[in-house]
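Structure first, commentary second.
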Amino acid sequence: MIGHISGKGGENFAERFLIDRGAEILERNFRTPVGEIDIIARMEGRLVFVEVKARFGSEHGTPGEAITAKQKRRIRRAAEMYLKDHGGTAQPVRFDALLLSEDGVKYVKSAF
């Protein structure tokens, strides 16, 4: 069980969580006109785009429910921009989610 974490605290937690599992953090809060990517990392031979969501209490749903189809499209478009600026699309990529709630931490590989 983890305490209440939100915003930058959630992203700081996520960064430490990923580093502890062998990730190399390349960028945080990569912003584009079409969207933002919370964390970009290299791990397991892939470029990984990580969306971090924290939800505590039931009034706003689960962290996984907070990643909408519209948000997924924006993250994918932002990832395309990142790839264009950082070595092209030939490298393997993955979109993961790190979900924080009162139940704990759930890391979902290939979340979308």
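The values are calculated or read from the model by the stated rules, or taken from the named source; none is laboratory data. This one's a predicted model, so the numbers in the text were calculated from it and none came from an experiment. No Cβ is skipped: glycine too gets one built from the backbone with ideal geometry, and neighbour counts run over all protein chains shown.
Observations
- Residue tally, condition of a type in the set (S, T, N, Q), surrounded by 16 or more Cβ atoms within 10 Å (Cβ to Cβ) and touching a strand residue (DSSP E or B) at 6+ places or on another chain (Cβ under 6 Å), over the stretch 97-112: 0
- For the stretch 89-108, taking the residues that are under 19 Å from Ile75 (Cα atoms) and not in a strand (DSSP E or B), the one that is modelled with the highest pLDDT is identified as Pro92.
- Subset of the stretch 58-88 [surrounded by 14 or more Cβ atoms within 10 Å (Cβ to Cβ), at pLDDT below 90 and assigned to a helix (DSSP H, G or I)]: Gly64, Ala66
- When Leu47 is tested against the conditions (1) at pLDDT below 95; (2) surrounded by 14 or more Cβ atoms within 10 Å (Cβ to Cβ), the lone failure is (1).
- All of Arg55, Arg94, Arg28 fail the test of being touching a Lys or Arg at 6+ places or on another chain (Cβ under 8 Å), surrounded by 14 or more Cβ atoms within 10 Å (Cβ to Cβ), without any contact (Cβ under 8 Å) to a residue 60 or more places away in the chain and not aliphatic (A, V, I, L, M), apart from Arg94.
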